[in-house]
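One structure is given here, and the rest of the page talks about it.
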Amino acid sequence: MATHRLRRIWVALCATAAIAILVPATFELWRPHVAAYLVGRTVLSAEHYRFELPPIDRVEVLVLGEFLVGSGPARPSFTAPATGQHYSVLRHVQVSGARMEEVLRAWRVLRISYEQQGMCHTPGYALRFRQGSRVILETGICFKCRNFSIPVPPFGGQLYGFDARGPSGLHLLSLLEALSSGLGAGA
């Protein structure tokens, strides 16, 4: 009985030692695979949330302001999914009907790619695509950094680039500016 217990302890110690040695030693072997998997999942998520959004009944357009540091007075804020940073919400507009369809069309034709983006993310706008009380997609959009945030399970929020200076990016920007200034908001 005692030898059986000692043998199990010896096997557990050997397995622990092997893991402690092999995981760091093989880090350079598996790290690129995990990074490639993350890139692939990000591309698939970006395409999914552009073309395969489930039915939605409204889009919320948020105009974002300053980066919020610490805990100040309670005020509306937006948390950028990819960075976890909080931004004040200067204006919040809900659109439905024809204007919502216009936002969806602009979102779906947005020219996207990894190569388009900067390495920063200071979103000026956020979009919430909703169905009833459920948020289907929440994304922060930065026209300066040329990227937007998307959920990438199991990695959390990631950034993906878009052509902010091309026709599709400029159209989306002008549409968000018009909606947030009160021109044509609502149904």
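Computed values, structure above
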read-out: Verdict on residue 93 being over 23 Å from residue 41 (Cα atoms), touching a residue at least 12 places away in the same chain (Cβ under 8 Å) and part of a strand (DSSP E or B); value: yes
read-out: Residue in segment 152-166 that is of a type outside the set (Phe, Trp, Tyr), surrounded by fewer than 16 Cβ atoms within 10 Å (Cβ to Cβ), part of a strand (DSSP E or B) and touching a strand residue (DSSP E or B) at 6+ places or on another chain (Cβ under 8 Å) present; value: no
read-out: Residue satisfying all of: in segment 1-53; within 30 Å of residue 97 (Cβ to Cβ) and either of a type in the set (Asp, Glu) or over 17 Å from the mean Cα position of the chain (by Cα) (or both); surrounded by the fewest Cβ atoms within 10 Å (Cβ to Cβ) among these; value: 52
read-out: Any hit, segment 135-142, residues being under 19 Å from residue 51 (Cα atoms), in contact with a helix residue (DSSP H, G or I) (Cβ under 6 Å, 6 or more places away or on another chain) and either surrounded by fewer than 21 Cβ atoms within 10 Å (Cβ to Cβ) or in contact (Cβ under 8 Å) with a residue 24 or more places away in the chain (or both); value: yes
read-out: Some residue of segment 103-117 being within 20 Å of residue 180 (Cα to Cα), in a strand (DSSP E or B), modelled with pLDDT of 90 or more and in contact with a helix residue (DSSP H, G or I) (Cβ under 6 Å, 6 or more places away or on another chain); value: no
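The values are calculated or read from the model by the stated rules, or taken from the named source; none is laboratory data. Keep in mind the model is a prediction, meaning the values are calculated, not measured. No Cβ is skipped: glycine too gets one built from the backbone with ideal geometry, and neighbour counts run over all protein chains shown.
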